[in-house]
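Working notes for the structure below.
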């Protein structure tokens, strides 16, 4: 029902993301997948692929999850959703929204939910690092 | 008190979120985010999970309004929202060259999910794009086996959205009378 959109990020940014996601996955032994998507659900990069299909439905699922979490946070007066952790029978899903000028979603899939705390911390550090690298340079005063 | 669940469906930019906002008697819940696709469709944001609003009828009944994300990559949300709903309002954007074909796609997708296939089509932007006409939509739907009401609407108008809802609820009553 819709035409294939072009990739949501420039090639250099996608390559940067893929390299950093590979580092993240390597740091968490049970990590199965690390990926970044745009806030509107277009997949930008994974730890193994700087050229994924933007329409990969995993990106859309992330966007919906985060939107529902944000709505829940607002409705319950908890503020914005800073991180989502879903513990499943066969693993865990971590989603870390980040970015101020442009919102993005960092996803980490784990085979072992016992690594969740460590993975949340690693995802948080990576999000902050990417945010700092992509932030527009401020002119020196 | 009865509760009716009505679904709004259609492509990005057709006016689903706008129509629910115009209709709802409570502040609507939205899941809109910034989107380059939305910009291409002439707006700033797009729905990525659902919209929600409510209309309170004089009888005390409540009509729950659920909006679906328009892009096909969010199709996993469609059954969650639409399965066994009592009616669907399919919105079309007449400024799109492929609007009739796209409308047929959405009707084919949603009609089987809705009780008794109770759908209605609202065609937007006819004031700036008068062709195809409402009759063209009705003919195409009929040829595809869907005998559905089709109306020109402005999704921003509460009056127009209420008219769509009235027709949909009247059809629902007719179906119930037959059953």
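Could you check what % of the DSSP bridge pairs in the range B:3-178 are antiparallel, to the nearest 5? Close to 35 percent. The alpha carbons of chain B give a radius of gyration and a Dmax of 15.0, 47 Å, in that order. Residue separation of residue A:103 and residue A:48 scaled by 0.36 nm, minus their Cα-Cα distance, works out to 17.6 nm of gained length. Shown is the FRET efficiency for residue B:43 and residue A:83, computed with R0 = 25 Å from the Cβ-Cβ distance and rounded to the nearest 0.05: 0.30. From helices alone, chain A scores -13000 deg cm²/dmol at 222 nm; the rule is -39500 (n - 2.57) for each run of n ≥ 4 DSSP H residues, then divide by the residue total.
Residues of the range B:79-101 with backbone nitrogen within less than 19 Å of a virtual label 7 Å along the Cα-to-Cβ line of residue B:127, please, listed as ranges. Hits in the range B:79-101 for residue B:127 at 19 Å: B:91-96. Shown for B:121, B:150: other C-beta atoms within 10 Å of each C-beta, ranked fewest to most, produce the order B:150, B:121.
Once the mean of 1/r is taken over each pair of separate Cα atoms and inverted, the range A:20-73 shows a Kirkwood hydrodynamic radius of 11.7 Å.
Model label sites at residue B:166 and residue A:27, defined 7 Å from Cα along the beta-carbon direction, differ in position by 6.1 nm.
The helix-based estimate of mean residue ellipticity at 222 nm for chain B, built from -39,500 (n - 2.57) per DSSP H run of four or more residues and divided by its residue count, is -10500 deg cm²/dmol to the nearest 500. How large is log10 I(q)/I(0) at q = 0.12 Å⁻¹ when the Debye formula is applied to the Cα atoms of the protein assembly as shown, each weighted equally and without solvent? Summing over Cα pairs of the protein assembly as shown leads to -0.85. Taking a point 7 Å out from the Cα of residue B:75 in the direction of its Cβ, the residues of the range A:35-59 whose backbone N falls within less than 14 Å of it are A:55-58.
Computed on the range B:1-66, the Cα convex hull volume stands at 76 Å³ per residue. Placing a label point 7 Å from the Cα of residue B:61 along the Cα-to-Cβ direction, the residues of the range B:150-167 whose backbone N falls under 16 Å of that point are B:162-167. Take every pair of alpha-carbon atoms less than 8 Å apart whose residues are at least six positions apart; their mean separation over the length of the range B:1-145 yields a relative contact order of 25 percent. Among A:103, B:171, the order by Cβ neighbours within 10 angstrom, fewest to most, reads A:103, B:171.
Averaged over peptide B:73-83, the number of partner chain Cβ atoms lying within 10 Å of each residue's Cβ comes to 3. Convex hull volume of the C-alpha atoms in the range B:52-155, normalised per residue: 114 Å³.
Quick note: the coordinates plus some simple rules give every number you see, no bench work behind them. Everything numeric here is computed off the predicted structure, so don't read it as measured data. Here Cβ is always computed from backbone atoms with ideal geometry, including for glycine, and neighbour counts include all displayed protein chains.
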